[in-house]
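Each remark here refers to the structure printed beneath this line.
Coordinate-derived values only; no laboratory data. From a predicted model like this one, the values you see are computed outputs, not experimental measurements. Reconstructed Cβ throughout: ideal geometry from the backbone, glycine too, with neighbour counts over all protein chains shown.
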């Protein structure tokens, strides 16, 4: 039996400006996700947690906390963009053109818009992507630019992998 190495993510050399990554995992947002996230982040806005209040708004139902949407879509992009991250450098131009509701399924994609070597750290490079999150109807619910410092091949720490017992 041959042991096949699993996906380890992209290194700096693997990124090309113009490449688009369709992130594989979609995620349906639940009421529990929305409630827990607002509690964890101490967001007290009733539009997220009070269904009676939300029913009186123009949306007629709770809105998903927008910082949850940022976190979810960022997380969906990790396997393609930042599995080999040295550090996140920033999120810019975050836009929320449409609301996310409990029960929506969110998908995402990222386009590489810039890459360059690091001037201060020769073992890494800097990559900027434009990430778009969209719902089950194809409607864009979030866009942002994300800049990451990614290891060059051969410079990432080795992940310890003990051999299984025979």
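Values computed for the structure shown
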item	result
Angle between the chain longest axis and helix 66-77 axis [Cα atoms, degrees, rounded to 10]	30 degrees
Contact order relative to length of the chain, as percent, for alpha carbon pairs under 8 angstrom and 6 or more apart	28 percent
Per-residue [θ]222 nm for the chain (sum of -39500 (n - 2.57) over DSSP H runs n ≥ 4, rounded to 500)	-5000 deg cm²/dmol
Extended-chain gain in nm, criterion 0.36 nm per residue less alpha-carbon gap, residue 16 and residue 96	26.1 nm
Rounded to whole Å, sorted largest first: equivalent-ellipsoid semi-axes of the range 93-166, Cα gyration tensor	33, 22, 8
Global geometry of the range 46-128, whether rounded, prolate or oblate, following the gyration tensor of its Cα atoms and the 1.5 cut on a/c	prolate
Cα-derived Rg to Rh of the range 12-151, Kirkwood definition	1.04
Computed label-point distance, nm, for sites residue 105 and residue 71 using a 7 Å Cα→Cβ extension	2.3 nm
0 to 90° range, to nearest 10: angle between helix 31-40 axis and the chain longest Cα axis	80 degrees
